[in-house]
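The values are calculated or read from the model by the stated rules, or taken from the named source; none is laboratory data. This is a predicted model, so every value here is computed, not measured. Here Cβ is always computed from backbone atoms with ideal geometry, including for glycine, and neighbour counts include all displayed protein chains. Accessible surface is based on the protein model in full, side chains and every heavy atom, while ligands, DNA and RNA are left aside. Shrake-Rupley method; radii C 1.70, N 1.55, O 1.52, S 1.80 Å.
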Amino acid sequence: QYITGLSSISVIYRASDDRYREAYLDLEKMFSSIHWVRQSDVPHKDFKPLVLQTLKNSLSPYILFAVDDMIVKDFVDASQCIELMEKTKAYGFYLRLGTHVNYCYMMDQPQKIPPHLSLGGGALVWDFRAAEHDWAFANTLDMTLYRKEDVLPTFERISFKHPNRLEQSWSSSNKSKNTIGLCFERSKVVNLPLNMVNPSDCRHSHFMTTEELLVKWNEGMKLDIHPLFQMENPSPHMDYIPDFALR
């Protein structure tokens, strides 16, 4: 609804039984322009190959990752982000960050806004070495734009079997020599960790199970994202009880 400038969208997903598979088929019909990639019955074995295949098949030299609990909450043009990355040679463009992001949800503690410079057009640049917590976390799947050439060689080298492991392995791999990041003054996305689909120590709100979400879908409902429009969330992740609306 709010993001433009994407050349293509691919979704890698898994369905644990026919009920979820049927729900995804409904979704595929609604968004037929998206490239849907279903995992096999042994998803831990095919996740990495499918990620690499999707990266290589993409014609764009840039890649924007997103996990399943991300909500885009404000207008953003990906082509503007690419233009600024070309201009500054920054490592990534972090849509989840902004000058109001002064709390780290995962560590449950405040975080300082790092020293930064304005680039005009509402964009900021900062150095990871002068930052902490979320602002120093350079490798993330939470809607950050990267050059494919900076990502693909690392993904080929590291070991991972699901998104949580991918982000962990990526973050602990060799750090990029490029220490510059970009964001907008106000973040464009928020992560709503309603539940956890993979075993992880990551904090989440324990609000709704995948079963409960499936029931809502089968009742013809969807998450209502309108109350989140331009919200100035203090952290990239947020405990939030969502509203639902008819599709």
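Things worth noting here:
- Rounded to 5, percent antiparallel among DSSP beta bridges of the chain: 75
- For LYS48, the lysines whose Cα falls under 30 Å of its own Cα, not counting residues fewer than eight places away in the same chain, are LYS29, LYS56, LYS73, LYS89, LYS148, LYS161, LYS175, LYS177, LYS188, LYS222.
- Couplings 3J(HN,Hα) of the stretch 43-55, computed from phi: x, 5, 8, 10, 4, 4, x, 6, 5, 5, 4, 5, 4 Hz, in residue order, whole Hz [Karplus 6.51 cos²θ - 1.76 cosθ + 1.60, θ = phi - 60°; x for Gly and Pro].
- Heavy atoms of the protein chains alone define the surface here; on that basis the chain has 53 Å² accessible area per residue at 1.4 Å probe size.
- For the stretch 18-34, 3J(HN,Hα) computed residue by residue from phi via the Karplus equation (6.51, -1.76, 1.60; θ = phi - 60°) reads 5, 4, 5, 4, 5, 5, 5, 4, 4, 5, 4, 5, 5, 10, 6, 7, 7 Hz, glycine and proline entered as x.
- Both the radius of gyration and Dmax for the stretch 11-103 are 16.5, 48 Å, in that order, over alpha-carbon atoms.
- Computed accessible area, TYR20, all protein chains, 1.4 angstrom probe, square angstrom: 30
- Residues whose amide H falls under 5 Å from that of ASP74, counting only those 5 or more places apart or on a different chain, are GLN230, with hydrogens built in the peptide plane.
- Dipole-positive endmost among TYR94, LEU64, PRO114 within the stretch 52-114 (Cβ charges, Cα centre): PRO114
- Evaluating 6.51 cos²θ - 1.76 cosθ + 1.60 at θ = phi - 60° for every residue in the stretch 110-123, the Karplus couplings come out as x, 9, 7, 6, x, x, 8, 10, 8, 9, x, x, x, 9 Hz, glycine and proline recorded as x.
- By average C-beta atoms within 10 angstrom, highest first, the peptides 119-132, 31-44: 119-132, 31-44
- Paramagnetic reach from THR210 in the stretch 151-170 [backbone N under 20 Å; point 7 Å along Cα→Cβ]: 160-168
- Summing Lys and Arg as +1 and Asp and Glu as -1 over all other residues whose Cβ lies under 14 Å from the Cβ of THR4 gives a net charge of -2.
- Each part reduced to its alpha carbon centroid, the stretch 49-116 and the stretch 18-35 end up 26 Å apart.
- Read-out volume of the Cα convex hull per residue in Å³, derived from the coordinates shown; its label in [x] 125; [y] 366; [z] 137: [x]
- Once you reduce the stretch 221-235 and the stretch 170-194 to the center of their Cα atoms, the two points are 20 Å from each other.
- Contour excess over end-to-end distance, with Cα ends at SER33 and TYR13 and 0.36 nm allotted per residue: 5.6 nm
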